[in-house]
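For reference, the structure discussed in these notes is given below.
The values are calculated or read from the model by the stated rules, or taken from the named source; none is laboratory data. Given the structure is predicted, the values throughout are model-derived calculations rather than measurements. Using ideal geometry, Cβ is built from the backbone for each residue, glycine included, and neighbour counts are taken over all protein chains shown.
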Amino acid sequence: MIGVVLLLVMQGAAPPPSTPGVQLGIAVRPETVTVGTHFIVSARVRAPEGATIAWPTAPDTSETLEIVSSRMLDSASDSLRTEETARWRLAAWDTGTITIVFEDAVVTGMDLERTVPLRAHVYVRSVLPLDTAQQVPKPPRDILAADPPWWRWVALALLAAAIIGLLIWWYLRRRRRTPAPMPVDAMQYAEREFTRVERMGLLEAGERGRFVALMVEVLRDYLALRLPGAAPSLTSTELIRFLRARPDLPVQRLAAVLSEADLVKFARRAITGERAREIGQEARAIVREVETVTERDRAIATAAKEKAA
């Protein structure tokens, strides 16, 4: 019914002969399901070596589709091509042929930029018998009493009061026992965490992407502690936009580190151990430079207060 569809996806004018094409294969397994049964949509894109593939997070959903698990990515790249396979586990809650619509995947490279439309279909059959004429519905239940006994309301009120009292007692007891949080020095925290990540031996174990992600996470935590408003919840783009008001900070270097780290974390971009180590060293260097600038600002502010006094 629905096989693997292999398409050559191109936009605009045809590329020059030296530019390889982009190939898409998409399949649904199983092709026929019942209502609520899980199925997997697999999409595989082949692109020239060194290309980056940005996949959609999930399909457009409605009352008929449910996302069962997050997107899974597999990579099988070599020196001649880049190949990635994305999988989504879904469930359907309506019968008939359902069209699964994704946002377009985007393939970018040195001399390449393509959008790849992703569409799939699944057939959902009903679990009901073909002839429902012999189905006898259950008899109606008796109507509940309109006025429940008065003691039921009293019991519910006493139970609610007991629960509220227990919660208040637990909160006050925990508040008395919880010590006040100690102030955290941002620079000491960053140096300690950088050292901890480096001692984990991730580069030696081949987990270069995880090493980059953890080192950049320490950098983001330091900025949140040292610079008010640089919250860890900001995206990389939002953080760079926020810091552009501070020309004395190494914003351009920070933007380069965050951009490459995002490609490694979210686009599964391959990275060598040497480059991962360089990103970690650059994260440390940015922290030290920001610390120097903020120490200078604090010294100026202290001198101004002493002069005003």
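Here are some notes:
- Yes/no for residue 132 being more than 30 Å from residue 50 (Cβ to Cβ), hydroxyl-bearing (Ser, Thr, Tyr), at pLDDT below 85 and surrounded by 11 or more Cβ atoms within 10 Å (Cβ to Cβ): no
- Filtering the range 230-272 to residues that are farther than 24 Å from residue 85 by Cα, in contact with a helix residue (DSSP H, G or I) (Cβ under 6 Å, 6 or more places away or on another chain) and among the small types (Gly, Ala, Ser) leaves 230, 231, 236, 255.
- The residues of the range 30-47 that are touching a residue at least 24 places away in the same chain (Cβ under 8 Å), surrounded by fewer than 18 Cβ atoms within 10 Å (Cβ to Cβ) and of a type outside the set (Val, Ile, Thr), listed by number, are 31, 36, 38, 42.
- Scanning the range 17-66 for residues that are among the small types (Gly, Ala, Ser) and not in a strand (DSSP E or B), we see that the one that is modelled with the lowest pLDDT is 18.
- In summary, residue 45 fulfils each of the numbered conditions (1) within 27 Å of residue 124 (Cβ to Cβ); (2) touching a Lys or Arg at 6+ places or on another chain (Cβ under 8 Å) with the single exception of condition (2).
- Looking across 230, 245, 299, one residue alone is surrounded by 13 or more Cβ atoms within 10 Å (Cβ to Cβ) and either in the same structural domain as residue 83 (by TED's automatic domain parsing) or out of contact with any Pro (no Cβ under 7 Å at 6 or more places or on another chain) (or both). It is 230.
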